[in-house]
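To start, the structure itself, in structure tokens.
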Amino acid sequence: MSGSLQSRGISTTQVLPLSIILRPIPPVIEQLKIDSMVQTLQGDVPTANDTSCGYTPGHLPPVDILHYRSPEAKDFYFAFGGCHRLQAYEKARVEGVECKVLKVTKGMLKVYLGGSVDAIVGEDT
Ligand SMILES: Nc1ncnc2c1ncn2[C@@H]1O[C@H](COP(=O)(O)OP(=O)(O)OP(=O)(O)O)[C@@H](O)[C@H]1O
């Protein structure tokens, strides 16, 4: 079973522009994994005819995104995982990221962002 605990109930995916996805946590990166994902995005899966690898040429598994809409109707899209996939999209210059989007409250965001939440999404008025 793939995906996070929160996203397992979400069956639909949507494509978001890479440029709007916020990544507040600095990634710890394995370059070889990113390079392999870039190859997949470019449709160059070495074992494309061997479905046992489970990789679909041109696609990476959807990235979980938390979507918060502020009282001023400003949208914030956060990725707290998926760091290798997002770096691979960047490196492959693919702007559309396949995502599973979960709407969250500010209280839920605070679990991830702690005391920084107000500085990032604004204080409640
Ligand atoms: N070369 C590849 N091509 C396609 N899919 C891959 C490739 N390598 C790994 N994956 C798949 O991508 C998904 C995410 O992998 P992984 O968790 O290692 O990276 P990640 O993007 O950094 O995510 P997270 O930060 O959430 O762990 C997994 O389902 C994995 O099977």
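A single entry from 90, 98, 72 fulfils the requirement of being more than 10 Å from the ligand (Cβ to nearest atom) and in a helix (DSSP H, G or I): 90. The C-beta contact set for segment 17-31 (first residue modelled with pLDDT of 95 or more, second residue exposed (fewer than 13 other Cβ atoms within 10 Å of the Cβ), distance under 6 angstrom, 6+ apart or interchain) comprises 17/95; 18/95.
The values are calculated or read from the model by the stated rules, or taken from the named source; none is laboratory data. Quick caveat, the model's predicted, so the values are computed rather than measured. As a convention, Cβ positions derive from the backbone with ideal geometry for all residues, glycine included, and neighbour counts pool all protein chains shown.
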